[in-house]
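Everything below concerns the one structure shown next.
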Amino acid sequence: MHTHYDNLKVSRDAPPEVIRAAYKSLSQKYHPDRHADSDEANRIMRLLNAAYEVLRDPARRAEHDQWIAAQEKREAEQKQRRAQAQRTAAAAQAQRRATQPPPRPAARPAPQPAPEAEAEPDWDAPPRRRKARRPGPERQDRNDGPAMPLPRYGSFALYAAVGAVIVILLGDWSGASEATPEHRAPQIIKSAQASGATAAPRAAASETGAAARTGKYQRPALTPRGLPWPVHSGYLSGYPVLNDRGLSTLTVDNARSLSDVLVKLVALDGNTPLPVRTSFVRGGSSFTMENISPGSYDIRYQSLDTGEIFRSERFELAQAKENGGTSFGRTILTLQTVPEGKSRSTTIGERDFP
């Protein structure tokens with residue numbers, strides 16, 4: 001099990017100043033300015049940023065510590081169940097050996113009488129009568145009978161022990177596969193040879209829209225960057241916060257929906273739409289993005305329960321200097337279910353969800 005503490009190479013009881021110093025040292029080592037063409041250095045830098053974002057926030061650090069304690073407790077229980085299964089199997093093996101009958105010694109062949117010297121016949125003696133052999137069942141050698149079967153109670157104990165081992169091992173496998181998405185282990189820093197493995201969560205997340213249209217959509221367990229989903233609404237770790245030189249604010253109101261959404265604020269001033277803010281908004285809550293630069297934008301969001309992706313209408317965030325100060329916009333975008341034909345959002349495909 002690896003944690004954010006492992007990524008920053010600090011102990012779990014490290015004070016904030018030690019965590020800050022460790023992050024500063026590692027970020028200087030793997031900064032993109034020093035490794036502009038290194039995908040591995042960029043990937044490590046993203047992991048360092050995600051770990052520091054969690055550990056510098058006391059509330060998020062406490063949640064991470066609770067997750068670590070739960071994982072350690074679960075691993076200890078699994079180890080205890082495996083040890084119990086081994087002891088049960090050993091006891092069943094010993095009982096089976098104890099109830100097995102000892103091997104019977106091989107029967108010794110009956111001694112053959114020594115051949116007697118042929119006596120000279122007495123022609124004057126009366127002939128001897130042979131006794132008639134009574135008819136009866138054929139004799140059966142006692143040593144040719146079937147082997148003694150295993151006692152019933154021994155077989156039952158053996159089968160019961162094997163069944164208990166299988167049930168315990170299946171319980172371990174099912175418990176590992178049912179871990180809640182919010183308590184998965186964070187991605188760790190790996191070697192350059194294993195860097196290709198980080199593309200798997202992104203590929204899984206990119207297939208959710210097509211799966212939703214075919215009826216096979218499943219809510220992703222991790223974010224597109226392979227990290228656990230946040231507990232509260234806010235920016236997603238691992239994504240840049242751009243266009244942050246303004247005063248405008250944008251509130252995404254998801255209070256009327258029960259579905260969590262993945263929200264992207266997309267800038268439309270350039271030739272290509274550019275996502276400048278990526279956030280996660282829980283159902284029944286809202287989130288406000290601040291210090292947004294003036295310009296043209298739209299909101300693109302995906303329902304994590306259905307996989308559907310929507311785009312809002314284009315809107316402008318303006319900012320102007322006046323005599324008494326600077327005026328700026330405060331925009332609120334409400335996500336809600338509206339009658340068909342009256343929606344101000346348009347359904348889009350994955351290609352339009354950068």
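Any read-out appearing in this document is the output of simple, stated calculations on the displayed coordinates, not a laboratory observation. Bear in mind that the values here come from a model prediction, so they are computed numbers and not experimental data. No Cβ is skipped: glycine too gets one built from the backbone with ideal geometry, and neighbour counts run over all protein chains shown.
Brief remarks on what is shown
- Listed residue (Ala255, Val276, Trp229) projecting farthest to the positive dipole end of the stretch 213-300, Cβ model: Trp229
- Convex hull per residue volume in Å³, alpha carbons only, for the stretch 228-288: 100
- Restricting the calculation to Cα atoms, the stretch 50-94 yields a radius of gyration followed by a Dmax of 18.1, 56 Å.
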